[in-house]
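See structure below.
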Amino acid sequence: MGKPHPVELRARAVALVEQGNTHTEAARRLCVSIKFVNDMVRLKRETGELAPKLQGNPGRGKLTRVKDWVRDQIAAQPDLTIDELTAKVAGEHGLKVHRSSIGRLLLRLGLSHKKRSAGA
């Protein structure tokens, strides 16, 4: 997903339209699309703000409700593999998730899941 346009550019687009320029003229002058100018004028009219909306999915996943349980399982049994942990989540919580989802959860929790050899 790309980055949103800066607030300064958004403000300049709205200012040009408020000064009497058409949306097309403002878009051409700022080298943006007409839709961008339309959206910014509508956003300013409806909310009074020009700040971009938050992007992405901020922490609403299947595993959000079991993250503390996963942390406790790893603390109690540090040698659990991701496959074993996936099976435990499915068995105890009824959540069917891919092993990569468990791996990403472990990374978000700051838990390293690398196996170290006995000689290292």
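Cross-link list 3/62; 3/44; 53/96: which exceed 21 angstrom alpha carbon to alpha carbon?
The pairs that break the limit, which is 21 Å between Cα atoms, are 3/62; 53/96.
Computed FRET efficiency, Cβ-Cβ of residue 31 and residue 60, R0 30 Å: what is it to the nearest 0.05?
Efficiency, rounded to the nearest 0.05: 0.25.
Output the relative contact order of the range 19-120, whole-number percent, from Cα pairs under 8 angstrom with separation of 6+ residues.
Averaging sequence separation for qualifying contacts and normalising by length gives 15 percent for the range 19-120.
Calculate the length of the line joining the C-alpha centroid of the range 94-108 to that of the range 1-75, in whole Å.
Result: 30 Å between the Cα centres.
Would you work out the relative contact order for the range 7-47, in percent, from Cα pairs under 8 angstrom that are 6 or more residues apart?
Here the relative contact order equals 41 percent.
Run the numbers for residue 5 and residue 90: contour at 0.36 nm per residue of separation, minus the present Cα-Cα distance, in nm.
My answer for the length gained is 26.4 nm.
Taking square-rooted eigenvalues a ≥ b ≥ c of the alpha carbon gyration tensor, is the range 62-108 rounded, prolate or oblate, where a/c under 1.5 means rounded and, failing that, a/b exceeding b/c means prolate?
The shape class here is rounded.
At a Förster distance of 41 Å, what's the computed FRET efficiency of residue 99 paired with residue 18, Cβ-Cβ distance as r, to 0.05?
The pair residue 99/residue 18 has a calculated efficiency of 0.15.
Fewest to most neighbouring Cβ within 10 Å: what's the order for 93, 98, 23?
By the 10 Å Cβ count, ascending, the order reads 98, 93, 23.
With the cut-off at 1.5 for a/c, could you classify the range 27-119 from its C-alpha gyration tensor as rounded, prolate or oblate?
Note, shape of the range 27-119 comes out prolate.
All of the numbers you see were taken from the coordinates with simple rules; none came from a lab. All figures in this text were calculated on a predicted structure; none of them were measured in a lab. Cβ: placed from backbone, ideal geometry, glycine included. Neighbour counts: every protein chain shown.
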